[in-house]
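The values are calculated or read from the model by the stated rules, or taken from the named source; none is laboratory data. In this text the structure is predicted, and so the values were computed from the model without any measurement. Methodologically, a virtual Cβ is constructed for each residue, glycine included, from the backbone with ideal geometry; neighbour enumeration extends over all protein chains shown.
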Amino acid sequence: MLEIRGLNVKYGAIHAVRDVCLSIGKGEIVTLIGANGAGKSSTIRAIMGLTRCTAETLSFTPPGQPPLDLQGRPAEERVKMGIALSPEGRRILPHLTVEENLYLGAYSRDDTDGIEEDLEHAYALFPRLKERRSQKGGTLSGGEQQMLALARALMSRPSLLMLDEPSLGLAPFLVEEVFDIIQTINREGRTILLVEQNAFAALNIAHKAYVLEVGAVAIEGRGEDLLKDPRVQAAYLGG
Ligand SMILES: Nc1ncnc2c1ncn2[C@@H]1O[C@H](COP(=O)(O)OP(=O)(O)OP(=O)(O)O)[C@@H](O)[C@H]1O
Ligand SMILES: [Mg+2]
């Protein structure tokens with residue numbers, strides 16, 4: 001569904017992403033782990049079209065269509081093609097209500113019935129958001145804002161959903177809930193690219209994983225194999 005070869009992101013003199021190759025199959029959960037500053041957010045922002053990059057191949061295959069080159073297409077077009085990003089750090093609109101934030105996630109669509117259906121589905125996945133549908137986004141707790149960001153990304157009905165640290169700052173029971181929801185969303189047919197600091201939880205649900213070290217892919221493999229890999233255990237799983 002997504003094929004990346006030779007992806008590079010540079011910010012002036014900082015070479016944040018170095019010749020990264022990634023391959024994501026339809027229906028998979030793929031995780032990208034790595035230390036702070038490893039280039040995880042830069043990679044997914046480049047896929048979304050929010051960061052300038054160069055690549056040999058940056059190809060996305062929407063369901064039932066031939067592969068399309070993403071390069072040169074603005075982010076809005078990538079959203080219409082079926083890619084969505086729930087960004088790092090609760091980027092919701094604080095002065096809009098929960099429901100207005102959710103409708104914003106559907107801005108690229110004009111199928112009113114489908115949007116209403118997806119709104120109800122988002123509320124079924126996140127009952128707390130339904131209870132707080134008229135509350136201003138900025139008055140939600142940190143964890144609730146995180147859930148709103150995730151639910152909003154779903155409102156564009158993406159085939160590829162990218163999540164940048166959805167568990168950041170959540171209480172342990174909420175982390176579990178968010179990972180359960182990610183698996184539910186995946187079982188509903190969405191492909192997921194998950195960036196996480198919580199390597200243990202991410203590797204547990206991932207079909208495939210990539211470890212980024214200073215901008216480059218250092219290790220890749222099946223989630224369950226990386227959980228047992230001594231290098232991964234030493235560096236990312238607390239020994
Ligand atoms: N807009 C920018 N301008 C300059 N440098 C940037 C910019 N965005 C990111 N960087 C740098 O690029 C490198 C990679 O950053 P990135 O945000 O991709 O890392 P990350 O793996 O997501 O880290 P974290 O786990 O802390 O979120 C870092 O050294 C960062 O300082
Ligand atoms: Mg990041």
Cross-chain or 6+ apart pairs with Cβ under 7 Å, the range 40-59 first and of a type in the set (Ser, Thr, Tyr) and near ligand 1 (Cβ under 10 Å from one of its atoms), then at pLDDT 95 or above and in a loop (DSSP other than H, G, I, E, B): SER42/THR51
Only listed residue being within 16 Å of ligand 1 (Cβ to nearest atom) and modelled with pLDDT of 95 or more, chosen from MET155, MET162: MET162
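Answer with yes or no whether GLU144 is farther than 30 Å from PRO62 by Cα, exposed (fewer than 15 other Cβ atoms within 10 Å of the Cβ) and acidic (Asp, Glu). Talk me through it step by step, then tell me what you get.
On the way: farther than 30 Å from PRO62 by Cα: yes; exposed (fewer than 15 other Cβ atoms within 10 Å of the Cβ): no; acidic (Asp, Glu): yes.
Taking the combined requirement at face value, the residue does not satisfy it.
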The range 1-27 residues that are more than 13 Å from LEU160 (Cβ to Cβ) and in contact (Cβ under 8 Å) with a residue 40 or more places away in the chain, paired with ones that are more than 16 Å from ligand 2 (Cβ to nearest atom) and among the acidic types (Asp, Glu) (beta carbon under 7 Å, 6 or more apart): ARG5/GLU56; GLY6/ASP19; GLY6/GLU56; ASN8/ASP19
Any hit, the range 188-203, residues being farther than 23 Å from THR43 by Cβ and among the aromatic types (Phe, Trp, Tyr): no
Residue check for GLU56: away from ligand 2 (no atom under 16 Å from the Cβ) and over 23 Å from HIS207 (Cβ atoms): yes
Residue that is farthest from ligand 2 (Cβ to nearest atom) [pool: residues in the range 92-102 that are surrounded by 14 or more Cβ atoms within 10 Å (Cβ to Cβ) and either touching a residue at least 60 places away in the same chain (Cβ under 8 Å) or in a loop (DSSP other than H, G, I, E, B) (or both)]: LEU96
Some residue of the range 20-35 being of a type in the set (S, T, N, Q) and either within 12 Å of ligand 1 (Cβ to nearest atom) or surrounded by 17 or more Cβ atoms within 10 Å (Cβ to Cβ) (or both): yes
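Does GLY169 meet the test of being without any contact (Cβ under 8 Å) to a residue 60 or more places away in the chain and within 16 Å of ligand 2 (Cβ to nearest atom)? I'd like the intermediate steps shown before the answer.
Numbers: without any contact (Cβ under 8 Å) to a residue 60 or more places away in the chain: yes; within 16 Å of ligand 2 (Cβ to nearest atom): yes.
So GLY169 fits the description; yes.
Surrounded by 12 or more Cβ atoms within 10 Å (Cβ to Cβ), of a type in the set (A, V, I, L, M) and more than 16 Å from ligand 2 (Cβ to nearest atom): does that describe LEU161?
yes
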